[in-house]
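**Q** Here you go, one structure.
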């Protein structure tokens, strides 16, 4: 018989081991960065990112997103305010 905690652990880890999973693509990294920036990251993607992702890719993606976000906000403000 499986306890509730065992079932949650099985559902989180999935069918394959992290070492057998391929690293996330550039698009998946950028989606994870955007989702994390807005606080809507799913648990599945969160665990994928921390088990198979390269931390440098997420750091660079986060910095790139931050710069683009600030430039976008600054551009909108400069268009609205004279």
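Readers should treat all values here as calculations from the given coordinates under stated rules, not as data from a laboratory. The structure displayed is predicted, hence computed values, not measured ones. All Cβ positions, glycine included, derive from the backbone under ideal geometry; neighbour counts span all protein chains shown.
**Q** What percentages, rounded to whole numbers, describe P(r) for the range 27-82 computed over all alpha carbon pairs with 10 Å bin width beginning at zero?
**A** Spelled out bin by bin, the range 27-82 gives 22, 44, 20, 11, 2 percent.
**Q** Using the basic label-point model (7 angstrom from Cα toward the beta carbon), what is the residue 76 to residue 60 distance in nanometres?
**A** In this crude spin-label approximation the distance works out to 2.8 nm.
**Q** Measure off 7 Å from each Cα along the Cα-to-Cβ vector at residue 67 and residue 26, then give the distance between these two points in nanometres to one decimal.
**A** Calculated label separation equals 1.5 nm.
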